[in-house]
Amino acid sequence: MPACSSSPSVVLDAVRAVELSSRPLGVVESITLLQALSAVPDPRRPRGRRHSLQSILFLAMGAVLAGARSYAAIAQWASHADAPVGVCRSSPHAATFARVLAAVEVTVLQQALTGWVLARRAAVHAPAHPSEGARGDVGRPVAQDRTVLAFDGKNLRGARTGTGGQAKLAAVFDHAHGLVLAQAEVVGGDELAAFIPALEILPDLRGVVVTADALHCQRAHADYLHGRGAHYLFTVKANQPALRRALARLPWAQAPGLIERQQGHGRAESRSIKVIDLDGTPEAGLFPHGARAIKVIRRRRRTGTAHRSMETVYALTSLDHRDADSRLLACWIRSHWTIENRLHWVRDVTQGEDHSTIRTGNGPQVIAALRNTAINLIRLRGGTNIAAAHRHFSYQPAAVLDALATA
């Protein structure tokens with residue numbers, strides 16, 4: 001059987017490469033995901049190929065979208081999918097998926113998927129760019145429409161690296177839209193070293209705000225973001241003791257503040273927020289490009305009990321008073337943790353990543369990238385319940401093709 005092309009140069013060639021009927025695909029613009037996958041080089045030798053790399057990636061993506069958690073499940077879904085989804089007459093075996101996906105160049109695959117999700121986000125949401133005037137299209141300050149990205153790492157508990165250590169990945173997550181924009185491997189367990197490689201995948205960071213926990217409150221990270229025209233919002237904890245003590249000594253009692261109250265999820269919570277400009281103060285030189293310090297005091301009480309707790313959080317940002325007010329800064333500090341419940345929890349629990357035993361070669365990173373893309377596909381289509389969306393696609397394989405073809 002002749003080998004399928006693995007490097008189509010135009011959209012039509014990409015369609016032929018996966019041997020899909022052109023009838024349900026519609027216009028050229030409707031298969032941008034397939035175009036993105038066509039940029040990934042095939043790691044195999046040309047001789048003996050029965051399925052193109054794009055065919056395998058396309059089927060694996062469809063199976064993950066339908067809830068598949070292993071190579072065997074991917075192969076089973078591929079073999080039972082409706083005829084228009086099938087490729088090269090016979091679907092690949094589980095061993096083929098395992099061998100090929102473990103050898104795929106992860107960096108190139110992630111760059112292709114990042115380019116795709118950025119283009120789709122722009123087409124679906126059309127966010128206002130911070131440089132487009134002083135106010136947004138609907139009369140709101142542009143600061144409220146500013147792109148805010150969270151950076152955080154996550155262990156793949158069931159996977160191991162080639163040296164036997166636990167695999168770990170770091171992701172860049174869009175606060176507002178719930179999309180995973182980039183992902184990079186954490187080498188040797190050093191999450192700090194993954195900060196720049198993950199953000200380097202994004203072509204443009206101008207005007208973007210990057211939030212991160214106290215681990216990433218590093219001078220090198222602040223300089224990197226400033227060099228790319230981005231801003232940071234870092235929490236400050238005991239890993240920067242001198243900086244934290246300096247922030248605690250600021251005249252907070254004299255600073256104006258605001259209080260926000262919220263009740264729900266079995267607790268009542270109030271947050272006191274104060275912001276101090278550092279321009280002209282000795283503390284301004286303690287951290288690169290630090291423009292303002294933030295102090296947030298959180299008080300919580302469990303509903304129906306007398307149990308109370310209080311937490312004081314300090315943060316630094318390169319945004320000055322013209323870029324964001326105190327309420328918006330506090331909102332971004334709080335929404336940083338959406339990466340935990342809208343990405344990490346979804347992958348761990350809904351997609352079963354914690355129990356995955358895929359561990360050979362680049363397999364764990366590739367499957368994680370496909371899981372991220374499944375989440376992005378669902379949210380770009382307006383879905384809010386990831387588990388329900390996976391069930392829907394598992395019941396209706398033809399809907400998977402529709403989702404991929406119109407991605």
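The values are calculated or read from the model by the stated rules, or taken from the named source; none is laboratory data. It should be emphasised that the depicted structure is a prediction, and the values quoted were computed from it without experimental measurement. Cβ atoms come from the backbone with ideal geometry, glycine included; neighbour counts cover every protein chain shown. Areas reflect the complete protein model, heavy atoms only, side chains present, ligands, DNA and RNA absent. Shrake-Rupley method; radii C 1.70, N 1.55, O 1.52, S 1.80 Å.
Quick notes
- When +1 charges are put on Lys and Arg Cβ atoms and -1 charges on Asp and Glu Cβ atoms, the dipole computed for the chain relative to its Cα centre reaches about 1100 debye.
- Neighbourhood net charge (15 Å Cβ-Cβ; Lys/Arg +1, Asp/Glu -1) for VAL108: -3
- Between ARG381 and ARG245, full extension at 0.36 nm per residue minus the direct alpha carbon distance yields a gain of 44.3 nm.
- Residues listed by number, the stretch 329-343, amide nitrogen under 16 Å from ARG267 label point at 7 Å toward C-beta: 334-338, 340-341
- Antiparallel content of DSSP bridges confined to the chain, in %, to 5: 90
- Taking the charge dipole of the chain about its Cα centre, with +1 at Lys and Arg Cβ atoms and -1 at Asp and Glu Cβ atoms, the residue from PRO364, ILE259, VAL117 reaching farthest to the positive side is ILE259.
- Taking Cα atoms only, the orientation of helix 94-103 departs from the longest principal axis of the chain by about 50 degrees.
- Ranking of LYS295, LYS237 by solvent-accessible surface, largest first: LYS237, LYS295 (1.4 Å probe, protein heavy atoms only, all chains present).
- Ordering of 241-247, 356-362, 147-153, 326-332 by packing [mean C-beta count within 10 Å, highest first]: 147-153, 326-332, 356-362, 241-247
- Gyration tensor (alpha-carbon) shape descriptor, the stretch 177-288, a/c threshold 1.5: oblate
- Surface exposure of the stretch 364-407, expressed per residue as accessible area with a 1.4 Å probe, stands at 33 Å².
- Averaging the sequence gap over all C-alpha pairs within less than 8 Å and six or more residues apart, then dividing by the number of residues, gives the chain a relative contact order of 20 percent.
- Extension gain for the segment GLU200 to ARG160, taken as residue separation times 0.36 nm less the Cα-Cα distance, is 11.9 nm to one decimal.
- Backbone phi angles across the stretch 327-337, fed through the Karplus curve with coefficients 6.51, -1.76 and 1.60 (θ = phi - 60°), yield HN-Hα couplings of 5, 5, 4, 5, 5, 5, 4, 5, 6, 3, 7 Hz in residue order; Gly and Pro are listed as x.
- Here's the list of aspartates and glutamates a cross-link from LYS237 could span, going by alpha-carbon distance under 18 Å and ignoring same-chain residues fewer than 8 apart: ASP152, GLU191, ASP213, GLU283, GLU311.
- Approximate spin-label separation ASP277-HIS177, in nm, with each point projected 7 Å along Cα-to-Cβ: 3.4
- Positive contributions from Lys and Arg (+1) and negative ones from Asp and Glu (-1), summed over other residues with Cβ under 14 Å from the Cβ of ARG121, come out at 0.
- Values (1) 21.9, 69; (2) 21.0, 67; (3) 23.3, 78 are given for comparison; Rg and Dmax of the Cα atoms in Å, derived from the coordinates here, is the one labelled (3).
- Summing +1 for each Lys or Arg and -1 for each Asp or Glu among the other residues whose beta-carbon sits under 14 angstrom from that of ARG381 gives +2.
- For the pair ALA253 and SER90, a Förster radius of 56 Å applied to the C-beta separation gives a FRET efficiency near 0.15, rounded to the nearest 0.05.
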